[in-house]
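The block underneath contains the structure these notes are about, expressed in structure tokens.
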Amino acid sequence: MFGVFMRLTTKGRFAVTAMLDLAMHARDGAVSLTAISERQHISLSYLEQLFGKLRRAGLVDSIRGPGGGYVLRQQAELINIADIVAAAEDTLDATQCGGSANCQDGNPCLTHHLWANLNKTIDNYLRGISLQCVINQQQERHGGHKATIALTQIH
């Protein structure tokens, strides 16, 4: 989807997948990273790193003690995919200059505005999709069953 210039890395993909898993299972209380790791086949140490970023971004809260784990800080309807990707990714940018418009000897290159507009389009698209929207799509595709939907299929 993002071609040669921009790629959604594994961090972003796994963060979205893990957040979807959390949203689907948090209704029963805090969700352990071990449970997400087992269901989604993502390494536990990788999830620990991702959830540190997600917590610092204000998307999740950690619950300590027996039965602890993570919960969404807000309802799934209020968390958009762009915020999750932004928390996990260092950058998601199609321009060569990181958006600073100094691509060619301090000036914008010929295609700078094309790639900058692509950035805006992707950001707007991902901001328009909430976790709940993706959960609803998954449930529609799988007849409303929550249990073990393979969220990795959304990639």
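Under the rule of -39500 (n - 2.57) per DSSP H run of 4 or more residues, summed and divided by the residues of the chain, what mean residue ellipticity at 222 nm is obtained, to the nearest 500 deg cm²/dmol?
Computed ellipticity for the chain at 222 nm equals -14500 deg cm²/dmol.
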One checks the Cα atoms of the stretch 1-90 and finds Rg and Dmax, in Å, of 12.8, 46
Note: the stretch 85-130 at 4 °C, 1.567 mPa s; Kirkwood Rh on alpha carbon pairs; Stokes-Einstein D in µm²/s works out to 114
Over the chain, cysteine residues that find no other Cys C-beta under 4.7 Å are Cys133
Distance in nm between His142 and Ala101 label points, each 7 Å along Cα→Cβ, equals 4.6
Under the Karplus relation with 6.51, -1.76 and 1.60 and θ = phi - 60°, whole-Hz ³J(HN,Hα) for the stretch 24-39, x at Gly and Pro, equal 6, 10, 6, 5, 8, x, 4, 10, 7, 5, 4, 5, 5, 4, 5, 5
About its Cα centre, the chain carries a charge dipole, from +1 on Lys and Arg Cβ atoms and -1 on Asp and Glu Cβ atoms, whose size in debye to the nearest 20 is 240
For the stretch 64-78, in residue order, the Karplus 3J(HN,Hα) values (coefficients 6.51, -1.76, 1.60; θ = phi - 60°; whole Hz; Gly and Pro = x) are 8, x, x, x, x, x, 10, 9, 5, 6, 10, 5, 4, 5, 9
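Over the Cα atoms of the chain, Rg to Rh with Kirkwood Rh, two decimal places?
Here Rg/Rh amounts to 1.04.
The numbers here are math on the coordinates, done by the rules we state, and not lab data. Quantities reported herein were computed from a predicted structural model and do not represent experimental measurements. Positions of Cβ are generated from backbone atoms using ideal geometry, with glycine treated the same way; all protein chains shown enter the neighbour counts.
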